[in-house]
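Enquirer: Sharing a structure with you now.
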Amino acid sequence: AWFKDASGKVSGMASDSIGLDTTGPAVSIVSPTSNAIYTTTTNTINLGGNATDSGSGVSNVVWSNNKGGSGTGSGAANWSISGINLTSGSNVITVTAKDGAGNMRMAMITVQYEVGLMVVTETASNIRLDSVTLNGTVNPGGLSTTAWFEYGPVSGTYGNSTPAQNVSGTSNMRISADISGVLQGKKYF
């Protein structure tokens, strides 16, 4: 561009270039996995990943779950999303990165939330002449349930059980039960 005044004098020339950004940012999910499918027994998930844009830069990252819920991630180039609520079954979570020109690209992960129990029998403690404490860990997987110990001198045919204990929630819970009447030197299962 140049300018000319009424007396015919011409200014110096000025120029610039304008880049048209029509390409959305590259976006990827890397945490808890970069795989397309992830299975969990907890009812929330945290996601993390990367987004890059060589044109106008990444402005924000948003997410949505096909089972309900949406929000904005923290950060842009290295983004994170905390506490996405899951419902039983397949949750398709879409992460969308947007650049400064309004272009968008998406990445998706299918999170299979399996409601179910996890039970681990642990080493007995407080071993005395005729009594012992049985120990274990239960993760109810989001359900309200009961847990108990079965024991006896024959594997697979226990014959005795402890009172049931109510457990609920999505985290590991320690359970224990004191039993008596066991015989010293005898093996129990």
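Enquirer: Heavy-atom accessible area per residue, the stretch 51-189, 1.4 Å probe: how many Å²?
Expert: Per residue, the stretch 51-189 has 57 Å² of solvent-accessible surface.
Enquirer: For the stretch 126-145, list residues with backbone N below 12 Å from a point placed 7 Å from the Cα of K186 toward its Cβ?
Expert: It comes to 130-131, nothing else.
Enquirer: Also, I was wondering about something else. For the ranges 83-93, 119-129, 45-55, what's the packing order if you count other beta-carbon atoms within 10 Å of each residue, average per peptide, and put the highest first?
Expert: My ranking of the peptides, most packed first, is 45-55, 83-93, 119-129.
Enquirer: Here is a further query. I'd like the FRET efficiency for T133 and V30, computed as 1/(1 + (r/R0)^6) with the beta carbon distance as r and R0 of 25 Å, rounded to 0.05.
Expert: 0.05
Enquirer: Per residue of the stretch 176-189, what does 6.51 cos²θ - 1.76 cosθ + 1.60 with θ = phi - 60° give for ³J(HN,Hα)? Whole Hz please, x for Gly and Pro, Karplus curve as stated.
Expert: Karplus-based 3J(HN,Hα) across the stretch 176-189 equals 8, 8, 8, 10, 9, x, 7, 9, 5, x, 9, 7, 10, 10 Hz.
Enquirer: Label-point separation (nm) for S168 and T145, each offset 7 Å from Cα along Cα-to-Cβ?
Expert: 1.5 nm
Enquirer: Around M173, which amide H atoms from residues at least 5 apart in sequence, or from another chain, sit under 5 Å from its own amide H, with H modelled in the peptide plane?
Expert: V138, N139
Enquirer: May I pose another question? Just to be sure I follow: if Rg is taken over the C-alpha atoms of the stretch 42-189 and Rh is the Kirkwood radius over the same atoms, what is Rg/Rh?
Expert: Over the Cα atoms of the stretch 42-189, Rg/Rh equals 1.27.
Enquirer: Hey, another quick one. Mark the label point 7 Å from the Cα of M106 along Cα→Cβ and return the residues of the stretch 17-40 whose backbone N is within less than 20 Å of it.
Expert: 22-38
Enquirer: Which of N78, S161, S144 sits farthest toward the positive end of the charge dipole of the stretch 77-177, with +1 on the Cβ of Lys and Arg and -1 on the Cβ of Asp and Glu?
Expert: Positive-end residue among those listed: N78.
Enquirer: A further question follows. With the alpha-carbon atoms as the only input, what is the per residue convex hull volume for the stretch 125-176 in Å³?
Expert: 89 Å³
Enquirer: A further question on this structure: At a Förster radius of 45 Å, what calculated FRET efficiency corresponds to the Cβ-Cβ distance of S74 and T22, to the nearest 0.05?
Expert: 0.95
Enquirer: If you roll a 1.4 angstrom probe over the protein chains with everything in place, what fraction of the accessible area of the stretch 117-187 belongs to carbon and sulfur, to the nearest %?
Expert: Heavy-atom surface of the stretch 117-187 belonging to carbon and sulfur, 1.4 Å probe: 50 percent.
The values are calculated or read from the model by the stated rules, or taken from the named source; none is laboratory data. This is a predicted model, so every value here is computed, not measured. Methodologically, a virtual Cβ is constructed for each residue, glycine included, from the backbone with ideal geometry; neighbour enumeration extends over all protein chains shown. Please note that ligands, DNA and RNA were not included when accessible areas were found on the heavy atoms of the full protein model with its side chains. Shrake-Rupley method; radii C 1.70, N 1.55, O 1.52, S 1.80 Å.
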